[in-house]
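The values are calculated or read from the model by the stated rules, or taken from the named source; none is laboratory data. Since the structure is predicted, the reported quantities are computational estimates derived from the model, not experimental observations. Note that we place each Cβ from the backbone using ideal geometry, even for glycine, and neighbour counts take in every protein chain shown.
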Amino acid sequence: MYKSRILIVCPDSSGLALLTSMLKSLGHVIDEAPNDRAAVRLLERESVDLVLASVDPADSDCLELLNYVRRKHGHAAVVLMFPRIHPDRAKEAMRLGAAVLRYPAPAAELRAAVQQALEKANASKPAAVPVASEATNRTASAPTFSDWTPSPAVAEPPPIATQEVLTSQAPALPPTDLVRESNLIGVDPGLRQILGLATALAGSSATVLIQGEPGTGKSELARWLHRGTPGDRPFVAIHAAELSEAAGLDDPTSTRRDLGAEWASKLSRAVGGTLYIAEVGALDPGLQLQLLREIQLQDMEAASGRSGGDRRNQGQARLVLSTSEDLAGLVDQGRFRQDLFHRISSVSLTAPPLRHRGEDVELLAEHFRARFARQFDRQVVGFSRDAIEVLRRHDWPGNVRELQGVVQRAVVLCHGTRITATHLGPILNPHRGARAARANASRPHLPMGIRPLKEALEEPEKQIIIQALQALNWNRQETARMLDINRTTLYKKMKKYGLLVDEPMWVD
């Protein structure tokens, strides 16, 4: 089988890595370039069959690479990805024979566009290209929206006139009452965008990896994804370590049961529904292989059309995985299969840590207070102001899970109507309270709500960044330009405030 050569050009390193991982499953040879100059140097050394480039349509030079490819490599197909709508640039790119997609694009749509672009380029590639017919060959070398027919599994993109093909905004949030049934409540933009993306994925059968620190609500997100399953379908949750133990792998003196049979048993319990494997990095190497084979099998059946749409209707289980470990680091250490990592990381969600969610701490605390007050029949109606300050100042290393436990114990300890700092202090840090009391003994009394200056100044900075990102459709380059800072500074501040929820996220 002939392997085509694909050149991916993307200035964002994480985006470049994700685009590469999504296309590796096609089996072609992939080269990478961070910018147009590096791409041209590579093209001068070796020709390629297709160029996939992420470009900013606001840049007046955004089509220079396309023009170069058309002049020097007329046989090569070109697919351009725009992060935002720009009809004029899109029409010009299509006039030059390039396909135009939104960035980020759904993985299935991207793969379909690349495959069909390669098929058209290979079909129209002549043995020798006469100079007189070069323009004709250029136009035929890549698909356009007018002649590109997606595979049945991918919805046909709308005409460019509708301006929807390049839209990359997050889906609308689910109803508030559904959110409150879980612990996924809050007003933080990072959480809201993650919930919107999870809602979009809920109706899909794609394998999803959920990343995040312990206690951030990964299992809640897994159940949220399961809500899209029609009817009363099973949700089977198991920890990867338990799965290995169930297979008889942790006792070297015991008889090791057949991994294939054990894996089949777990899958059979989740047929038609969802199999959620928590902390997938803890899987035994043998079970990693079983998981890889299952994903490959499902992908093959989906590609062949035998699954008939939703593979869960064909006796299969949708796979949702989670990890609080750095799987890429485990790959480097030889503890996790690289091929499995690339398979499961192409569609992923990242749960933001609680310390980056601002006032969500208070909202969640009130949510848990009401729940446990009913559960334990306590007349606890709220928190005192000093209790709220204690909650705000804590860094929550255990995230939402820690907050839930703290509020539960505080409700049990409270014999009045309000939870005070006295109920929270010993729970959060038994030593901090005594040290703070001694340190504050000689200080004058400060009005309630006074915070350290650095901490107080961070909140308005975060809100300014959020407002700018929202106004510019989360385009980092334009946001950095508006705020008069460089992109690296913006990236660091977004990371600090937990606003990097859009990477990586691919809807398959």
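Numbers below:
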item: Within segment 59-95, considering residues that are under 17 Å from Pro11 (Cα atoms) and out of contact with any helix residue (DSSP H, G or I) (no Cβ under 7 Å at 6 or more places or on another chain), the one modelled with the lowest pLDDT; result: Arg84
item: Qualifying residue in segment 37-47 (condition: closer than 27 Å to Tyr491 by Cα and either assigned by TED's automatic domain parsing to the domain that holds Leu297 or β-branched (Val, Ile, Thr) (or both)); result: no
item: Complete set of residues in segment 273-292 that are surrounded by fewer than 23 Cβ atoms within 10 Å (Cβ to Cβ) and closer than 17 Å to Phe235 by Cα; result: Gly273, Ala278, Glu279
item: Checklist (1) surrounded by fewer than 21 Cβ atoms within 10 Å (Cβ to Cβ); (2) in contact (Cβ under 8 Å) with a residue 40 or more places away in the chain applied to Gly27, failing item; result: (2)
item: Single unsatisfied condition, Ile388 versus (1) assigned by TED's automatic domain parsing to the domain that holds Ala198; (2) buried (at least 19 other Cβ atoms within 10 Å of the Cβ); result: (1)
item: Any hit, segment 24-40, residues being polar (S, T, N, Q) and under 22 Å from Leu209 (Cβ atoms); result: yes
item: Among (1) surrounded by fewer than 18 Cβ atoms within 10 Å (Cβ to Cβ); (2) over 30 Å from Ala471 (Cβ atoms) - the single one Glu64 does not satisfy; result: (2)
item: So Arg369, is it over 30 Å from Leu289 (Cα atoms), charged (D, E, K, R) and either under 17 Å from the mean Cα position of the chain (by Cα) or part of a helix (DSSP H, G or I) (or both); result: yes
item: Answer residue from segment 45-60, given it is touching a residue at least 12 places away in the same chain (Cβ under 8 Å) and farther than 17 Å from Leu19 by Cβ and is surrounded by the fewest Cβ atoms within 10 Å (Cβ to Cβ) among those; result: Glu46
item: Residue satisfying condition, being assigned to a strand (DSSP E or B), on the phi < 0 side of the Ramachandran plot and out of contact with any Ser or Thr (no Cβ under 7 Å at 6 or more places or on another chain), within set Val69, Val40, Val78; result: Val78
item: Residues (within 18 Å of Pro214 (Cα to Cα) and modelled with pLDDT under 90) located in segment 362-395; result: His394, Asp395
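Rundown of residues vs (1) in a strand (DSSP E or B); (2) of a type in the set (Ser, Thr, Tyr); (3) closer than 30 Å to Glu461 by Cα; (4) touching a helix residue (DSSP H, G or I) at 6+ places or on another chain (Cβ under 8 Å), yes/no style:
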site: Leu330; (1), (2), (3), (4): no, no, no, yes
site: Phe336; (1), (2), (3), (4): no, no, no, yes
site: Leu340; (1), (2), (3), (4): no, no, no, yes
site: Ser346; (1), (2), (3), (4): no, yes, no, yes
site: Leu349; (1), (2), (3), (4): yes, no, yes, yes
site: Gly358; (1), (2), (3), (4): no, no, yes, yes
site: Ala365; (1), (2), (3), (4): no, no, yes, yes
